[in-house]
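Notes for the one structure printed next.
The values are calculated or read from the model by the stated rules, or taken from the named source; none is laboratory data. Remember, it's a predicted structure, so these values are computed and weren't measured experimentally. Here the Cβ positions follow ideal geometry from the backbone for every residue, glycine too, while neighbour counts run over all protein chains shown.
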Amino acid sequence: MEKSKKRYPNPKFGSFEEEEKYWQEHSPLAEEYRGVVQRRRQVRSSYLALRLSGEELKWLRNAAERAGIGPTTMARNLILKELKIEDDLLSRVEALEQKVESISR
């Protein structure tokens with residue numbers, strides 16, 4: 001028999017300010033937080049909370065659906081792809097700077 005998971009309420013917000021006020025009081029990082037932080041094992045060791053506008057989230061979800069993956073996977077793939085491009089570009093710039101320096105001697 002499988003044990004059922006405890007469900008936590010998923011609040012609805014009418015505005016960004018309302019959401020901000022809620023999380024100021026209910027975030028595990030809030031000074032007087034009294035709730036219980038879930039400690040379940042995750043496949044990945046870290047996570048990042050990312051705020052998107054409704055339109056941005058819709059855009060992400062549509063792109064993920066077209067790719068046949070979930071929006072979280074899509075966001076992770078896009079972030080990692082851009083970071084690899086940046087690393088590659090930085091290494092190419094450094095190599096170019098070294099060549100220019102060796103030529104100018």
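Residues in the range 42-58 that are under 15 Å from the mean Cα position of the chain (by Cα) and either surrounded by 10 or more Cβ atoms within 10 Å (Cβ to Cβ) or touching a residue at least 12 places away in the same chain (Cβ under 8 Å) (or both): L50, L52, E56, L57.
Within the range 68-81, track down each residue that is surrounded by 12 or more Cβ atoms within 10 Å (Cβ to Cβ) and more than 11 Å from the chain's Cα centre (by Cα). The answer is I69, G70. For the range 53-71, filtering for residues that are at pLDDT 90 or above and among the β-branched types (V, I, T) leaves 0. Among the residues of the range 30-50, is there at least one that is modelled with pLDDT of 90 or more and of a type in the set (K, R)? Among the residues of the range 30-50, not one is modelled with pLDDT of 90 or more and of a type in the set (K, R), which makes the answer no. What do you reckon, is E20 acidic (D, E), at pLDDT below 75 and more than 22 Å from A75 (Cα to Cα)? In short, no.
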